[in-house]
Amino acid sequence: MNRKLSALLALGIGSTLLVGTAQANGTRYASARVVHVEPVYETVIVRTPVRRCHRELVERRVRTRPDVAGQTLAGAIVGAAIGRQFGDGRGRDALTVLGAVAGSAVANDRASRRRGGSRVEVIREPVERCTTEYRRNAQRQLTGYWVDYRYRGREYRVLSAEHPGSRIRILVSS
């Protein structure tokens, strides 16, 4: 079945049941002529987020080691040359490697001591910091309508959520 047709059918059945219930209780619906419609506004506060950012310099402390790569490499070469002088065959290769390791360790240690070991440097970097603030604005919003209508020679007033047009449906009792 078509969805629109089934929705209309359900609406018709529901309104028939509602009218039947209202008539069973001695009440019914009638149509009244609208005399005057006055919109009702309410002032509400709307909060709008606003992001504010700024840059600031931040200090960071970094521990640095002195540049001793050149001295360490030279120590490894000297140590390898000294180690190569001893032994023969495979022992010579092992002593060459051992001499290179020992020479680089000694040279690295001496260069580090001579330059004062590790140092602490202060680095200043720009960092973006952001915060969210809320701007408050007052706005007028339409919340409903005061409807003045005439029924059987008398005037009445009712608050309606929707604009009624020229006629309004009202519930009357018998």
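Results, tabulated for the structure shown:
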item	result
Flag for Tyr145 being under 50 Å from the mean Cα position of the chain (by Cα) and within 30 Å of Val58 (Cα to Cα)	no
Yes/no for Ile77 being at pLDDT 75 or above, of a type in the set (Val, Ile, Thr) and under 52 Å from the mean Cα position of the chain (by Cα)	no
Options Arg152, Arg167: the member that is exposed (fewer than 10 other Cβ atoms within 10 Å of the Cβ) and either charged (D, E, K, R) or modelled with pLDDT under 95 (or both)	Arg152
Some residue of the range 72-86 being part of a loop (DSSP other than H, G, I, E, B) and farther than 30 Å from Val34 by Cβ	yes
Given (1) at pLDDT below 80; (2) surrounded by 10 or more Cβ atoms within 10 Å (Cβ to Cβ); (3) more than 52 Å from the chain's Cα centre (by Cα), number of the condition Ser174 does not satisfy	(2)
Within the range 87-174, strands (runs of 3 or more DSSP E) holding 1 or more residues that are without any contact (Cβ under 8 Å) to a residue 24 or more places away in the chain	154-160
Failed item, numbered, when Glu42 is tested on (1) under 30 Å from Val158 (Cβ atoms); (2) more than 58 Å from the chain's Cα centre (by Cα)	(2)
Unique residue being on the phi > 0 side of the Ramachandran plot and either out of contact with any strand residue (DSSP E or B) (no Cβ under 6 Å at 6 or more places or on another chain) or at pLDDT below 75 (or both) when the list is Gly89, Gly99	Gly89
Selection within the range 26-69 - closer than 30 Å to Ala111 by Cα, of a type in the set (Lys, Arg) and loosely packed, with under 10 Cβ neighbours inside 10 Å	Arg61, Arg63
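The values are calculated or read from the model by the stated rules, or taken from the named source; none is laboratory data. Remember, it's a predicted structure, so these values are computed and weren't measured experimentally. Positions of Cβ are generated from backbone atoms using ideal geometry, with glycine treated the same way; all protein chains shown enter the neighbour counts.
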